[in-house]
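Working notes, structure below.
Computed from the coordinates by the stated procedures, all read-outs in this text should not be read as laboratory data. Because the structure is a prediction, the values reported are computed rather than measured. In this analysis, Cβ positions are derived from the backbone assuming ideal geometry, glycine residues included, and neighbour counts consider all displayed protein chains.
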Amino acid sequence: MTGRAYGNKPENTVNKIKPKIFVPVPVTGSVKREPAPVRFNNEPGCSTVLKNRTIMILEDNEERIREFERAVGALGSQFKLRLWRDAPTMKAKCAELLADTCLISLDHDLAPLNNRSPDPGTGLEVAEFLSRHKPVCPVILHTSNHERRWSMHNEFRFASWNVEIVPPIGGDWIQNSWLSKARALIGF
C-alpha cells in the first residue's frame, strides 16, 4: 500500500497500531487461534484487552441480587461481582475499585434493611459521586424510577461516561435484557 491507507486517508494520518483479531499459529499440524482482544467502553476502534474484571452493582432487592449473581456468573468466572445495598457504603468503597471495573449497574430507589438501618441513599448520589471521576467503564441504569433514571443518566452523560438504560420490565429482565446489554458493553 503506497501513499494511502484505510479510507483513502494519507498514510501519515493513519494510526499504525492495529488490533489483533485472529492470528493463526501453527501447532503440530493444526491451527491455533489467539482470542481477539476484548473491547470495552463501547468505543469505536477501542482495542484494549480486558484487564478490568470487576462488575459493581447497587441493588437492594434480594430477588434481584440473586439474579444479578446468576447473570454475572453466566459471564464467566473471570468476573468479580461487588454489590452494595446502600449508596454511602458504595461511595466509600468503590473509588478504590474503579481501576479494575469493567461495568457499573445502578438502581435508584433503595430501601433500608430494617427500621434501625441508616438511610440507604439513592443511586443518584452514586451517579453524582462517580461523575466526578474520570470515565473508566460503561454504566447501566436499571431503575424503574423514570424521573431519577434521567437525572442519573445526565450526570454520567455530562461527565462523558458511556451510560445505557435497561428498565426492569418483565420477570426475567436481568437474564434477558440486562445480561445481553452487559455482554455488549464489556465486549462478550
Out of all Cα-Cα pairs in region 54-186, roughly what percent, to the nearest whole number, are more than 24 Å apart? 20 percent
Net charge near residue 88, counting Lys/Arg +1 and Asp/Glu -1 over other residues with Cβ under 11 Å of its Cβ? 0
Long-range amide H contacts for residue 83: which residues qualify at under 5 Å (H placed 1.01 Å from N, peptide plane, sequence gap of 5 or more or a different chain)? 57
Under 5 Å between amide hydrogens, which residues at least 5 positions from residue 164 or on another chain qualify, with H placed 1.01 Å from N in the peptide plane? 139, 140, 141
